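The values are calculated or read from the model by the stated rules, or taken from the named source; none is laboratory data. These numbers come from a predicted model, not from an experiment. Because the Cβ atoms are built from the backbone with ideal geometry, glycine has one as well, and the counts that use them run over all protein chains shown. All accessible areas refer to the heavy atoms of the entire protein, side chains included, with ligands and DNA or RNA removed. Shrake-Rupley method; radii C 1.70, N 1.55, O 1.52, S 1.80 Å.
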Amino acid sequence: IDDYLQVAGQAPASKRKLNDAEVITTALVAARYFGGNMTTARSYMQGHHRCRMPHKSNFNRMLHRLSETIAAVFLALGDALKELNTSSEYVIDSFPVAVCRNIRINRCRLLQNKAYRGYNASKREYFYGFKVEVITTADGVPVQCFIVAGSVHDGLALQAMHVNLPPHARLYGDSAYTNYELEDLSMECEQVALLIERKSNSKRKDSAAMAFIKNTMRKRVETTFSEIEAAFPKSIHAVTPQGFILKLVLFVFAYTINKCI
């Protein structure tokens, strides 16, 4: 992280106790090992790595100020993984993250909008929170993520998402991402081939072989989501929606680093 920041031209401030690389590393350690608990991660880094930690409030301000930098570092790591992915095969899918239980929606202070009420089809239940759209390699390593409100349909999220994949890459997805116009456009531009699973009533039927390939490719991403969610605490603590989203990015980022080791 420090090497990236130096290349990006972000020199460390000499008068500060903690430089930007140490702040980001501490946040990633919190997401990887302590369920996103920044206080525990700060104590660990101070006790084991001799980092001079500022006060909790100062640390949180520094971390939020670096939210765009954290996203940029994650994208840079994703670009490096794309270059190493010789198969050029990727999978897109989403998983829901609730900010509270449904019975507490009316008392939720973090979010107050019907747009955050979504439906989890796999569990056949509603939730109140965000939906994390993730693009992974065929091996299940995340290279890009996009966070939307819970009610946003996957197909609309794909349209809004800036899919940055190498030319001639193949992107697999389930039937929720069905968009014939987008598929035709991607074929005409010869950039990314969208290989979306077909619904039973689809007008564009797949051959048995193609249906099997699409179904097989999607199985690994479900395991990835289970492993990411395993690092979540019982409830993700955040004071603002931006803080909640930042923690979600850190969880995905930390998982990607762990898979690369």
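What to note about this one:
- So Met62, is it outside any loop (DSSP other than H, G, I, E, B) and either over 25 Å from Lys259 (Cβ atoms) or touching a Phe, Trp or Tyr at 6+ places or on another chain (Cβ under 6 Å) (or both): yes
- Filter result (over 13 Å from Phe251 (Cα atoms) and either open to solvent by 30 Å² or more (accessible area, probe 1.4 Å) or not acidic (Asp, Glu) (or both)) within segment 147-160: Val148, Ala149, Gly150, Ser151, Val152, His153, Gly155, Leu156, Ala157, Leu158, Gln159, Ala160
- None of Ser151, Ser186 is within 15 Å of Glu133 (Cα to Cα) and of a type in the set (Ser, Thr, Tyr) except Ser151.
- Odd one out for Ser88, checked against (1) touching a Phe, Trp or Tyr at 6+ places or on another chain (Cβ under 6 Å); (2) within 27 Å of Leu156 (Cα to Cα): (1)
- Of the set (1) open to solvent by 70 Å² or more (accessible area, probe 1.4 Å); (2) closer than 26 Å to Arg204 by Cβ; (3) of a type outside the set (Ser, Thr, Tyr), all apply to Lys131 but (1).
- Of the residues making up segment 93-108, those that are closer than 28 Å to Gly155 by Cα, of a type in the set (A, V, I, L, M) and modelled with pLDDT under 95 number 1.
- Flag if Val252 is in contact with an Asp or Glu (Cβ under 6 Å, 6 or more places away or on another chain) and open to solvent by less than 70 Å² (accessible area, probe 1.4 Å): no
- Filter pass, Ala138 being open to solvent by less than 10 Å² (accessible area, probe 1.4 Å), modelled with pLDDT of 90 or more and closer than 25 Å to Cys260 by Cβ: no
- For the residues Lys234, Lys219, Lys259, the requirement of being among the basic types (Lys, Arg) and touching a residue at least 12 places away in the same chain (Cβ under 8 Å) singles out Lys259.
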